[in-house]
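The values are calculated or read from the model by the stated rules, or taken from the named source; none is laboratory data. Just so it is clear, the structure is predicted and the values come from calculations on it, not from any experiment. Cβ atoms come from the backbone with ideal geometry, glycine included; neighbour counts cover every protein chain shown. Keep in mind that these areas ignore ligands, DNA and RNA; they rest on the heavy atoms of the full protein, side chains included. Shrake-Rupley method; radii C 1.70, N 1.55, O 1.52, S 1.80 Å.
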Amino acid sequence: MHQTDIPPVLVTGATGRGGRLVVDRLLDAGVPVRALIRRPEAAATLPAEVEVFTGDLTAPASLDPALRGADSVFLVWTAPPQTAEAVVERLAAHARKVVLLSSPHRTPHPFFQQPNPMAALHADIERFIAAAGIESTVLRPGMFASNALTWWAPAIRAGEVVRWPYGAAEAAPVDDRDIAAVAARTLHSDEHTGGDYVLTGPESLTQAQQVAAVGDALGRRIAFEEMTPDAFRSLSAGTAPGAVVDMLLAAWSAAVGQPAYVTTAVADILGTPPRTFRQWAADHADAFTESP
Ligand SMILES: NC(=O)c1ccc[n+]([C@@H]2O[C@H](COP(=O)([O-])OP(=O)(O)OC[C@H]3O[C@@H](n4cnc5c(N)ncnc54)[C@H](OP(=O)(O)O)[C@@H]3O)[C@@H](O)[C@H]2O)c1
């Protein structure tokens, strides 16, 4: 099929960690891409072939130009919750299918069953999608591998000890590139429409083991020191919302001594095994040595 015969996919959150990679994977597949951005200057960070629309999820009518003629929509929600229902209704009025970046809040593993305001929001959006009657695929990644950059790169770049709570808490970090590849596949093919997938990496690793894997990628040992939850709360004050910090601490506390939940969804959908955290660390080693 000639590229112009393929209907466009609209990517929200196109400047974010997940959405930006989804844009690239869709372009790789020859799919015309529309990107929703809220700051016009962000257009410069996107490939030239992307059709850019300015709009804001907190102003549902602002999405209409981007939605007109779009076939499927990648929905990432980090905005306040108030307009989510109206946005989903608008998606359903214009587009055929939505792929939602959600979380594994239905998975009966202690890590995913702690109080979590993001999970409540995701559950609401899933209900809005079901009520609107639009076709959908729900993607539920566990911990993104790239959280390691946010969490540990500043100390590692500065050559400091990594001080962190619950070093023994286990997770199966999923490579952001695998999430994006799955999202792109589900957006441009209908094979997985109606599907609901928990996406994880291939193995359970403690947080201390993840830091050590970054050290292996850098060819040096990184010292890890356990920090108390209260010290972590104080350190995070002003840089992360208190509810997010409490959610992380509760999830890590529940995950000590519990092997992480691991699925085969990435391999089932892509036909290739998920990347390991070691692979992610090796491919992102520069980001732990150079300023972003
Ligand atoms: N991190 C994890 O381990 C993890 C695990 C499972 C699920 N998740 C879920 O993944 C999602 C976050 O994905 P991400 O890491 O790719 O997000 P991200 O990097 O924080 O990016 C958020 C994107 O949303 C855009 N955005 C924010 N508010 C907007 C608004 N009002 N209107 C339009 N666009 C708006 C941002 O645009 P700007 O560039 O303009 O800010 C940005 O492109 C969340 O729902 C989170 O719960 C995360």
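For segment 5-117, taking the reciprocal of the average inverse distance between every pair of different Cα atoms yields a Kirkwood hydrodynamic radius of 14.8 Å. Helix 117-132 axis versus longest C-alpha principal axis of the chain: approximately 20°, rounded to the nearest ten. Taking Lys and Arg as +1 and Asp and Glu as -1, the other residues whose beta-carbon sits under 12 Å from that of Leu249 total -1. If you roll a 1.4 angstrom probe over the protein chains with everything in place, what fraction of the accessible area of segment 183-266 belongs to carbon and sulfur, to the nearest %? C and S atoms contribute 53 percent here.
Here segment 54-151 was treated as a single set of alpha-carbon atoms; its pair distances binned every 5 Å from 0 give 2, 12, 22, 23, 18, 11, 8, 3, 0 percent.
For the chain, a crude dipole built from +1 on the beta carbon of Lys and Arg and -1 on the beta carbon of Asp and Glu, taken about the Cα centre, is about 240 debye to the nearest 20. Annotation: extensible slack from Thr107 through Ala132 equals 6.6 nm (criterion: 0.36 nm per residue apart, minus Cα-Cα distance).
Could you tell me how many degrees, from 0 to 90 and to the nearest 10, lie between the Cα long axis of helix 147-157 and the main elongation axis, the longest principal axis, of the Cα atoms of the chain? For helix 147-157, the angle is close to 50 degrees. Near Ile37, once Lys and Arg are set to +1 and Asp and Glu to -1 for all other residues with Cβ below 12 Å from its Cβ, the sum equals +1.
For the chain, the Cα-based Rg and Dmax, in that order, read 19.3, 58 Å. Axis of helix 207-218 versus longest Cα principal axis of the chain: the two differ by about 90°, to the nearest ten degrees. The accessible area of Asp28, taken with all protein chains in place and a 1.4 Å probe, comes to roughly 110 Å². Helix-only arithmetic for the chain: the sum of -39500 (n - 2.57) across DSSP H runs with n ≥ 4, divided by the residue total, places the mean residue ellipticity at 222 nm at -11500 deg cm²/dmol. Over all pairs of distinct alpha carbons, what does the Kirkwood formula give as the hydrodynamic radius of segment 206-292, in Å? Its Kirkwood hydrodynamic radius stands at 15.6 Å. Solvent exposure of the chain amounts to 45 Å² per residue of accessible area, where only protein heavy atoms count and the probe is 1.4 Å.
At 1.4 Å probe size, with the rest of the protein present, what percent of the exposed accessible area of segment 1-113 is carbon and sulfur atoms? Answer for segment 1-113 is 53 percent, counting heavy atoms of protein chains only.
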